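Novice: Take a look at this one; I'll ask things after.
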Amino acid sequence: MIRVVVAGAAGRMGQTVCSAVEDAEDMELAGRADPLLGVELEQLLGGADVVVDFTQPDSALGNALACVREGVHAVIGTTGFDHEPLARAVTAAHEGANGLRTANVLIAPNFAIGAVLMMRFAQEAVRYMPRAEIIELHHDAKLDAPSGTAALTAELMAAASGGPAPTIHSVRLPGLVAHQEVILGDLGQTLTIRHDTISRESFMPGVLLAVRQVGTLPEPLVVGLERLLA
Ligand SMILES: NC(=O)c1ccc[n+]([C@@H]2O[C@H](COP(=O)([O-])OP(=O)(O)OC[C@H]3O[C@@H](n4cnc5c(N)ncnc54)[C@H](O)[C@@H]3O)[C@@H](O)[C@H]2O)c1
């Protein structure tokens, strides 16, 4: 059984992750951390194999560094924070491990398979249609803009085309969940690649896959669910 602690357990994503972990036969929900529940993540790390973090941009880095210090693997869905200090900490921990247990980290701005495919198709298309822009649309409680998915899509498209990253437009409105359009334009034609998240359950197969695989990543820190699907 994989012992899973969920950080951000009282939040929209965290509650959905807790239910998915409870329903998974090979996992045990070892704890729910959230200031709204009065439980600090540090209190629970001793009983965790994997922490799943869906918190806030200003909390995710501290939580992940605590996991690395304690040798607990981390699956991070929180978006809008700088990955660089975490990458340095993970590398340092692995270099100085001396046979001690070390933590791996998987960061995925989007755990929905459809969004991963959208990013893959956008990378393919931009090689032939280099003029592109991204519109990302989310519910009005989302704290960061642009979304992590849009930022990663733009980065991957720039790498694929060798050109500049596409401009990103962010929409925040009630009634939305998580949606993204990549629009490519050329003489007399456009191509639109669109993904819609209708419910948060769409992320759960990807989250559970990440929990199962985070202990055996090809590198200590991996960004993007697509790296697990190859
Ligand atoms: N990767 C993906 O597929 C994906 C999908 C949806 C949302 N997200 C991201 O997940 C994050 C959470 O989204 P949400 O809609 O659930 O937000 P939310 O505001 O509903 O929930 C966040 C929760 O984190 C808690 N929290 C804050 N600091 C904490 C800490 N230090 N330790 C533990 N818990 C803490 C808050 O109290 C809150 O309950 C956002 O960054 C969002 O962009 C990612």
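The values are calculated or read from the model by the stated rules, or taken from the named source; none is laboratory data. Note that the structure is predicted; figures quoted are calculated from it, not measured. We place every Cβ from the backbone using ideal geometry, glycine too, and count neighbours over all the protein chains shown.
Novice: How many residues are within 16 Å of CYS67 (Cβ to Cβ) and outside any helix (DSSP H, G or I) when one looks only at region 1-33?
Specialist: Residues meeting the conditions: 12.
Novice: Let me ask something else about it. With (1) free of Cβ contacts under 8 Å to residues at least 40 places away in the same chain; (2) surrounded by fewer than 19 Cβ atoms within 10 Å (Cβ to Cβ); (3) closer than 18 Å to ASN110 by Cβ; (4) away from the ligand (no atom under 12 Å from the Cβ) as the list, and SER199 as the residue in question, which single condition is left unmet?
Specialist: Going through the list (1) free of Cβ contacts under 8 Å to residues at least 40 places away in the same chain; (2) surrounded by fewer than 19 Cβ atoms within 10 Å (Cβ to Cβ); (3) closer than 18 Å to ASN110 by Cβ; (4) away from the ligand (no atom under 12 Å from the Cβ), SER199 breaks only (4).
Novice: Could you list all residues from region 11-32 that are near the ligand (Cβ under 10 Å from one of its atoms), over 18 Å from the mean Cα position of the chain (by Cα) and either small (Gly, Ala, Ser) or surrounded by fewer than 18 Cβ atoms within 10 Å (Cβ to Cβ) (or both)?
Specialist: None; the set is empty.
To keep it simple, each residue is scored yes or no on (1) of a type in the set (A, V, I, L, M, F, W, C); (2) crowded, with 24+ Cβ neighbours inside 10 Å.
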{"position": "VAL39", "(1), (2)": "yes, no"}
{"position": "GLY47", "(1), (2)": "no, no"}
{"position": "ALA60", "(1), (2)": "yes, yes"}
{"position": "ALA64", "(1), (2)": "yes, yes"}
{"position": "VAL75", "(1), (2)": "yes, yes"}
{"position": "ALA87", "(1), (2)": "yes, no"}
{"position": "HIS94", "(1), (2)": "no, no"}
{"position": "ILE113", "(1), (2)": "yes, no"}
{"position": "VAL116", "(1), (2)": "yes, no"}
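Novice: Which one is farthest from the ligand (Cβ to nearest atom), of the residues in region 79-92 that are assigned to a loop (DSSP other than H, G, I, E, B) and in contact (Cβ under 8 Å) with a residue 24 or more places away in the chain?
Specialist: Per the criteria, the residue is HIS83.
Novice: Quickly run through region 61-78 and pick out the residues that are in contact with a strand residue (DSSP E or B) (Cβ under 9 Å, 6 or more places away or on another chain), without any contact (Cβ under 8 Å) to a residue 40 or more places away in the chain and within 11 Å of the ligand (Cβ to nearest atom).
Specialist: If the condition is that a residue be in contact with a strand residue (DSSP E or B) (Cβ under 9 Å, 6 or more places away or on another chain), without any contact (Cβ under 8 Å) to a residue 40 or more places away in the chain and within 11 Å of the ligand (Cβ to nearest atom), then ALA66, ILE76 are the ones that fit.
Novice: Moving on. From (1) near the ligand (Cβ under 10 Å from one of its atoms); (2) touching a Gly at 6+ places or on another chain (Cβ under 8 Å), pick out the condition that doesn't hold for PRO35.
Specialist: (2)
Here is a yes/no grid of residues against (1) at pLDDT 95 or above; (2) small (Gly, Ala, Ser); (3) at negative phi; (4) in contact with an Asp or Glu (Cβ under 8 Å, 6 or more places away or on another chain):
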{"position": "LEU29", "(1), (2), (3), (4)": "yes, no, yes, yes"}
{"position": "LEU36", "(1), (2), (3), (4)": "yes, no, yes, no"}
{"position": "LEU61", "(1), (2), (3), (4)": "yes, no, yes, yes"}
{"position": "VAL75", "(1), (2), (3), (4)": "yes, no, yes, yes"}
{"position": "ARG88", "(1), (2), (3), (4)": "no, no, yes, no"}
{"position": "THR91", "(1), (2), (3), (4)": "no, no, yes, no"}
{"position": "GLU95", "(1), (2), (3), (4)": "no, no, yes, no"}
{"position": "ARG101", "(1), (2), (3), (4)": "no, no, yes, no"}
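Novice: Tell me, please, whether a residue that is assigned to a helix (DSSP H, G or I) and within 9 Å of the ligand (Cβ to nearest atom) can be found in region 40-50.
Specialist: Looking through region 40-50, at least one residue is assigned to a helix (DSSP H, G or I) and within 9 Å of the ligand (Cβ to nearest atom).
Novice: Go through the residues of region 124-135 one by one and say whether even a single one is of a type outside the set (S, T, N, Q) and closer than 23 Å to PRO174 by Cβ.
Specialist: The answer is yes, given that some residue of region 124-135 is of a type outside the set (S, T, N, Q) and closer than 23 Å to PRO174 by Cβ.
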